[in-house]
Amino acid sequence: MSTAVITNTFTHPDVVAALEAGMEMAADESGRPVSAERFTWATAAALTYLDGAGAPWADVYARHIELAAAQAAADRGEDVEDTSDLYAGMRYSREQVSAAVNAGVDAAARMIRERQADDIDNLAVNAVLTLLDAPDASFDAVVEECYGVDADAVSGWLSDVPADSDAELDAQQTARIDAYLRSVGL
């Protein structure tokens, strides 16, 4: 009888997919654009710390510029260089991914917003890690697994997080008005 412990590992594309989907879920549920700095910097930081846990902020900055340039090129309809071969064969444990995502989200909150991580950041981390294990998980599934409360309660926490900028406040107010108008059939 074997007592070996089987540990799941994840490929780089698995991690990137969970990271993108988790940030998108946190953005959608908080009524903020996934292009908001809180999500783009957290993504860049998490990917940087996945490459090296002790990486300096300058490396995160460089990764952020790289990701922003690739996104801008894609938005213009240009081909974006496929760099997946750089990570061919790389596998990460859940613990490595968790450490990188937690450190990345915390560092982005501290360095970019000059704040501690908030409920939106916490949802982003929980969503990424849940989606890593269950790529088709819904917001309700993330809430059930990570919070043990009703999804409406978590949505309430997210709506209580102050806007990161005046432009974001305007966008939040517009989204709330639009949601209300849709809910009353207008």
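Read-outs throughout are calculated quantities, based only on the coordinates presented, and are distinct from any laboratory measurement. What you are looking at is a predicted structure, and each value in this text was computed from that prediction instead of being measured. So basically every Cβ, Gly included, is an ideal-geometry build from the backbone, and we count neighbours across all protein chains shown.
Annotations for the structure displayed:
- Selection status of Arg110, of a type in the set (D, E, K, R) and in contact (Cβ under 8 Å) with a residue 60 or more places away in the chain: no
- Screening Ala55 with (1) among the small types (Gly, Ala, Ser); (2) in contact with a helix residue (DSSP H, G or I) (Cβ under 6 Å, 6 or more places away or on another chain); (3) under 25 Å from Val143 (Cα atoms) gives one miss only, at (3).
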